[in-house]
Amino acid sequence: MRQPNLFSPKKEAAAEPLPLSQRASQWLQQGWRPAGTVFAIALALAFAWSVVNGRHGLSTWYGQRGQEKQLKNEIQQLEDENTHLRQHVDRLKKDPDAIEHEAREKLHYARPGEVIYSLPPDRKKTSAPAVDPDQKSATMH
C-alpha cells in the first residue's frame, strides 16, 4: 500500500457547495460553544450590575443603612427628651417648689410685696453694628 506524501499539497476535487440545511447544522455544531459562552458572560455581567446598581442593589442598601442609623439616632433623642419631660411633669405634680419656680420663670408671677423688673433686650444682640457714614463712603470708592 502506498502512503500519502505529507509534504506535497493535496489536490482535492472541486467540492459541490453543501445544501443550506447541512451548512446551518454544521455552523451550529461548531459555533454553539462560543456563542453560548458569550451569552453566559453577558448574562453574568447583567446580573452583577443588577446586584450592585439595581432597584434593591447594594448601593440602595447602603443608602438605607445610613438612613436607618439616622432614624435610630433621632428616635433615641426623642426617647431621651420624653424621659426628661416625664420627669419634669412628675416634679411639677409632686413638688410645690417646682410649681412656684415655673410660675416665676415662665409666667412672671411674684409673691405679694415683690417687684419684678423687666430689662429691655440687649441692643448688641438684636441690632447690627452702626457704621460711621465717613467709613461707608470711603469703602464705596
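The values are calculated or read from the model by the stated rules, or taken from the named source; none is laboratory data. Computed from a predicted model, the values in this text were never measured in an experiment. Ideal geometry is used to build each Cβ from the backbone, glycine not excepted, and the neighbour counts take in all protein chains shown.
The figures follow:
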| quantity | calculated |
| --- | --- |
| Some residue of the range 3-11 being outside any helix (DSSP H, G or I), of a type outside the set (A, V, I, L, M), loosely packed, with under 10 Cβ neighbours inside 10 Å and modelled with pLDDT of 75 or more | no |
| Qualifying residue in the range 15-24 (condition: assigned to a loop (DSSP other than H, G, I, E, B), surrounded by 10 or more Cβ atoms within 10 Å (Cβ to Cβ) and modelled with pLDDT under 85) | yes |
| Spans of helices (runs of 4 or more DSSP H) in the range 40-141 with at least 1 residues modelled with pLDDT under 85, of a type in the set (S, T, N, Q) and surrounded by fewer than 10 Cβ atoms within 10 Å (Cβ to Cβ) | 123-126, 133-140 |
| Every pair of residues 6+ apart whose Cβ atoms lie under 8 Å, when the first sits in the range 100-113 and is over 16 Å from residue 89 (Cβ atoms) while the second is surrounded by 12 or more Cβ atoms within 10 Å (Cβ to Cβ) and not hydrophobic (A, V, I, L, M, F, W, C) | 110/104 |
